[in-house]
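Student: Below you will find the structure I want to go over with you.
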């Protein structure tokens, strides 16, 4: 039997180097400092957000740029193509996006609104895919995205319904410029939300109760497909 209390602790040195302030962790902290609304961020702002010294941030940026995780722009740094490529290889998101796309298209056709598939990333909401409505092209895309994120965030919370359709909850959130978003969760195998399906439209054209019924049907189809991927049920 080995007495770990008296064993040689020199083997623990690599573990200490990989601790909370390891080079890898500092690099990941730097990447996590980028926010959804960011386009380009200056080095000084990244240092402020992460609490890392500017010389450290400068060294990390050089390595991250060399590997394609960051790119240099005219006004600062932005996330690079390598992150997009890695994210696109995530199997669960690939399956979710592939399964949801036909449903998003039918949801767009049935409601006349823009249909979004989103998931939670900590306090943020990431839009994985969307089918946009031509009738909303005159409005700023950021307005669509903002009200969609608000509705999806509430739909992914538990519990957070503001109504029900077909016995299932949905959330309705008003937005700027007369927009409204209707969102419902997509459930995984354990019955917990893995994504949100949201319809965004103009209040004069989009009826939340009708949009909710279509969204709930699409969400149910996606949930069933995620649990039984060998089946191909129509949306």
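The values are calculated or read from the model by the stated rules, or taken from the named source; none is laboratory data. Quick caveat, the model's predicted, so the values are computed rather than measured. All Cβ positions, even for glycine, are placed from backbone atoms using ideal geometry, and neighbour counts span all protein chains on display.
Student: Return yes when residue 221 is surrounded by fewer than 24 Cβ atoms within 10 Å (Cβ to Cβ), under 21 Å from residue 94 (Cα atoms), touching a helix residue (DSSP H, G or I) at 6+ places or on another chain (Cβ under 9 Å) and at pLDDT 90 or above and no when it is not.
Tutor: It is true that residue 221 is surrounded by fewer than 24 Cβ atoms within 10 Å (Cβ to Cβ), under 21 Å from residue 94 (Cα atoms), touching a helix residue (DSSP H, G or I) at 6+ places or on another chain (Cβ under 9 Å) and at pLDDT 90 or above.
Student: May I pose another question? Which residue out of 97, 75, 106 is within 15 Å of the chain's Cα centre (by Cα), touching a residue at least 12 places away in the same chain (Cβ under 8 Å) and more than 15 Å from residue 184 (Cα to Cα)?
Tutor: Answer to the check: 97.
Student: Oh, and also: Based on this model, can you work out whether residue 174 counts as under 12 Å from residue 114 (Cβ atoms), surrounded by fewer than 16 Cβ atoms within 10 Å (Cβ to Cβ), in the same structural domain as residue 105 (by TED's automatic domain parsing) and at pLDDT 85 or above?
Tutor: Judged against the criteria, residue 174 is not a match.
Student: Let me ask another. Residue check: is residue 22 more than 23 Å from residue 126 (Cβ to Cβ), over 23 Å from the mean Cα position of the chain (by Cα), modelled with pLDDT under 95 and surrounded by fewer than 11 Cβ atoms within 10 Å (Cβ to Cβ)?
Tutor: No: the conditions fail for residue 22.
Student: If you don't mind, there's one more thing I want to ask. In segment 138-153, how many residues are over 13 Å from residue 183 (Cα atoms) and out of contact with any helix residue (DSSP H, G or I) (no Cβ under 9 Å at 6 or more places or on another chain)?
Tutor: 3
Student: Mind checking whether some residue in segment 81-90 is in contact with a strand residue (DSSP E or B) (Cβ under 8 Å, 6 or more places away or on another chain) and surrounded by 18 or more Cβ atoms within 10 Å (Cβ to Cβ)?
Tutor: no
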